[in-house]
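So the structure is just underneath, and the comments pick up after that.
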Amino acid sequence: MANELAGYVITGLGTGCGFALVGSGLVAIYRVTRVVNFAQGTFAVIGAMCASSLLSVLPHGIAEPLAVLAVALVGLLVGFVAIGRPGTTPQAALIVTLGLAIFAYAVVVLVWGDQPRSFAGVPGAVTVLDGRVQSHYLLVIGVTVPVFAGMALFFGHTDLGRALTACASNPYAARVIGIDVRRMGLLAFAIGGALGALAGVLLTPVQQITFDSDVTLIVNGFAAAVLGGLTRPAVTLAGGLLLGVTQALVAGYGNAAHQTEIALGLMLAVMIGRAARRPAALEEPT
Amino acid sequence: MIRTSGPLVEVAELTVRYGAATALDRVSLTVGVGELVALVGPNGAGKSTLVDTLSGILVPASGSVTVRGRLAHVPEGRQVFGDLSVEDNLRLGGWRIGERDTAAVYAVLPALTELRRRRAGLLSGGEQQMVAVGRALMSRPDVLVIDELSLGLAPLVVADLVRHLRELNAWRGVAVLLIEQNARLALDLCSRAYVLEAGRIVAEGTSAELAASSLVSDAYLGGVVVDGE
Ligand SMILES: Nc1ncnc2c1ncn2[C@@H]1O[C@H](COP(=O)(O)OP(=O)(O)OP(=O)(O)O)[C@@H](O)[C@H]1O
Ligand SMILES: [Mg+2]
């Protein structure tokens, strides 16, 4: 029993990292533009599909980063369509991203087909506390943690990061001091694209990806991000991990069919608990 | 400080529209190097429109805006970055020129020093106005354009801000274009002034001239009691 537990927890942490990365992409875009990007799960799917194609001609370690870069460009494109026109409200942009996410189904099916895709990750399994875990999960965790640390440093402690945050905090004032708000928004979409793709590329070797895998990813990523008010990367990471581990435990010991519902129910309980403790007006992003 | 042939700020025949509505109608105005200039006028006259055009947020329909040097804008309603600390607000002020050193601003506005770690959105109105001025100073401006210095602030706080402006002008030669509802304060601080009404300049001259003219004293200095109509 004990050895199973360690395995489930690490598997869950790995999956949770994927949710957290999707969530962090949502956060990166929302922090700067106040747009909830419904195409965030799509970035993960396209990233995974691109990587699977690139891997037929390129070695591991090159194909995956290239796929992430390619989807950063896709993110930029989505940004152009969603917020490119001056005066677009965040609400209108949200609908545009939803439309693009649906449009992307057609593109993905056309290019990569409707069959599940996967590719090899880190081979083998390791023993952690008597439990056997696929080694690839350790890579997922080992990449995600520094990415989040980097994000926190970037947004909190660099000029560019502060300028990005300023755009959402007060777009008018940002323009007053000479920040190009639209350019910053596009940059945020590119960052969001890269983070989404990273999730897809990291998760695919352990969980097959199909054209509509974005739904699971965005639902879980959104839940993780909402926990942090859509603005806090650190809380998003915690939320993603909590979701991942809960789902792994429910699937392992109970009923795999209901793992998502149970995990999201738990999330809801956490959020209600937090809201009860703290008046909403004081919940401001940092 | 820069040496130029013409005035620091030169607005010529400027017309600005919001859709079909004309907010500024052939407005001309100058601010010389190191000069203190006031712009007064009633609500809706187009003062903020002029300021937003000066800092490039609005685009003229016709006419021209020439700024020979660096212009910094303290926007109406303070507009601090509420989620960010005072220190981060100041640093962002230096974004355009890549300036990070906030020490000079704390030297000019020492009251900000102990607030540096506080979240700007939770400060009082006067403190926020101080942050907005400090943020503008971070871009090492030749001219400071202030949209409503005194709005909603207690007289003592206003007096303190005015003192800072005088010091900046005297010590560093920073020119100021001051938009003010309180015409007495504006004419007191500045040597020259313009009166803007319904998008047009209706009077201009030295502060002394304008204070003496019946147009200004009646409408803005409480010269007569408003009739009962
Ligand atoms: N974004 C906008 N769209 C349409 N009309 C606008 C807009 N902003 C201002 N106006 C109009 O332009 C005119 C000038 O407004 P402006 O804000 O420049 O006046 P102001 O002199 O700064 O007034 P106040 O003293 O109240 O700040 C007003 O009639 C106003 O209704
Ligand atoms: Mg105004």
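The values are calculated or read from the model by the stated rules, or taken from the named source; none is laboratory data. Predicted model, so just to flag it, every value in this text is computed and none were measured. No Cβ is skipped: glycine too gets one built from the backbone with ideal geometry, and neighbour counts run over all protein chains shown. SASA here: full protein model, heavy atoms, side chains in, ligands and nucleic acids out. Shrake-Rupley method; radii C 1.70, N 1.55, O 1.52, S 1.80 Å.
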Name the residues whose placed amide hydrogens come within less than 5 Å of the amide hydrogen of A:ALA125, ignoring near sequence neighbours (fewer than 5 apart) on the same chain. A:SER135
Computed from the beta carbon distance with a Förster radius of 56 Å, FRET efficiency for B:TYR18 and A:ASN255 to the nearest 0.05 stands at 0.40
Karplus couplings for the stretch A:8-23 from phi (6.51 cos²θ - 1.76 cosθ + 1.60, θ = phi - 60°), rounded to Hz, Gly and Pro as x? 4, 4, 5, 4, x, 4, x, 4, x, 4, x, 4, 5, 5, 4, x
Which FRET efficiency value, to the nearest 0.05, is calculated for B:TRP171 and A:LEU266 with the Förster distance at 41 angstrom and r the Cβ-Cβ distance? 0.10
For B:LEU24, residues with placed amide H under 5 Å, excluding near neighbours: B:VAL16
Quick check: convex hull over the Cα atoms of the stretch B:78-141, volume per residue in Å³, rounded to an integer? 70 Å³
If you take every residue apart from A:PHE211 with its C-beta less than 12 Å away from the C-beta of A:PHE211, what net charge results, scoring Lys and Arg +1 and Asp and Glu -1? -2
Give me the summed buried accessible area for the A-B pair, 1.4 Å probe, to the nearest 100 Å². 2100 Å²
Residues of the stretch B:86-106 losing 50 Å² or more of accessible area relative to the isolated chain, 1.4 Å probe, heavy atoms only? B:LEU92, B:TRP95, B:ARG96
Kirkwood Rh over alpha-carbon pairs of chain A, then Stokes-Einstein at 10 °C and 1.306 mPa s: what D in µm² s⁻¹, rounded to an integer? 83 µm²/s
Its Cα gyration tensor gives the stretch A:209-277 an equivalent ellipsoid whose semi-axes in whole Å, largest first, are 20, 16, 10
With the other protein chains left in place, how much accessible area per residue, in square angstrom, belongs to the stretch B:1-80 at a 1.4 angstrom probe? 42 Å²
Full extension from A:LEU69 to A:LEU94: what is 0.36 nm times the residue separation minus their Cα-Cα distance, to one decimal in nm? 6.7 nm
Which value, in Å², gives the accessible area per residue of chain A when a 1.4 Å probe is used on the protein heavy atoms? 43 Å²
For a label point 7 angstrom out from the Cα of A:ARG274 toward its Cβ, which stretches of the stretch A:239-259 have the backbone nitrogen within less than 15 Å? A:239-244
Can you list the HN-Hα couplings for the stretch A:34-48, worked out from phi with the Karplus curve (6.51, -1.76, 1.60; θ = phi - 60°), rounded to whole Hz and with x for Gly and Pro? 6, 9, 7, 8, 6, 8, 5, x, 4, 4, 5, 5, 5, x, 5
Can you list the residues of the stretch B:45-74 that have at least 20 square angstrom less accessible area with all protein chains present than in their chain by itself, probe 1.4 Å? B:ASP52, B:ILE57, B:HIS73
Given a Förster distance of 41 angstrom, what is the FRET efficiency for B:ARG163 paired with B:ARG117, based on the Cβ-Cβ distance and rounded to 0.05? 0.95
Starting from 0 in steps of 10 Å, tell me what percent of the Cα-Cα pairs of chain B lands in each bin. 8, 33, 36, 19, 4, 0
Computed from the mean reciprocal separation of all distinct C-alpha pairs, what Kirkwood hydrodynamic radius does the stretch A:1-110 have, in Å? 15.6 Å
What is the spin-label model distance, in nm, from B:SER214 to A:LEU153 if the labels are put 7 Å beyond Cα along the C-beta direction? 7.2 nm
Peptide B:117-123: average number of partner chain Cβ atoms within 10 Å per residue? 1
Along the stretch B:131-141, Karplus-curve 3J(HN,Hα) (6.51, -1.76, 1.60; θ = phi - 60°) to the nearest Hz, with x for Gly and Pro, reads 4, 5, 5, x, 4, 5, 5, 4, 8, 6, x
Residues hit by the 40 Å² burial cutoff in the stretch A:136-168, accessible area with a 1.4 Å probe, assembly against chain on its own, are A:ASP159, A:ARG162
Quick check: at a probe of 1.4 Å, how many percent of the accessible area of the protein assembly as shown sits on carbon and sulfur atoms? 61 percent
How large is log10 I(q)/I(0) at q = 0.11, 0.21 Å⁻¹ when the Debye formula is applied to the Cα atoms of the stretch A:84-240, each weighted equally and without solvent? -0.58, -1.50
Compute, for the stretch A:2-282, the length of the dipole vector about the Cα centre, with Cβ point charges of +1 (Lys, Arg) and -1 (Asp, Glu) only. Units Debye, rounded to 20. 900 debye
Name the residues of the stretch B:60-75 whose amide N is less than 14 Å from a point 7 angstrom out from the Cα of B:SER5 along the C-beta direction? B:68
Shape descriptors of the protein assembly as shown over alpha-carbon atoms, Rg and Dmax in angstrom, are 28.3, 93
Amide hydrogen neighbours beyond the local backbone of A:THR210, cut-off 5 Å, H modeled: A:ARG117
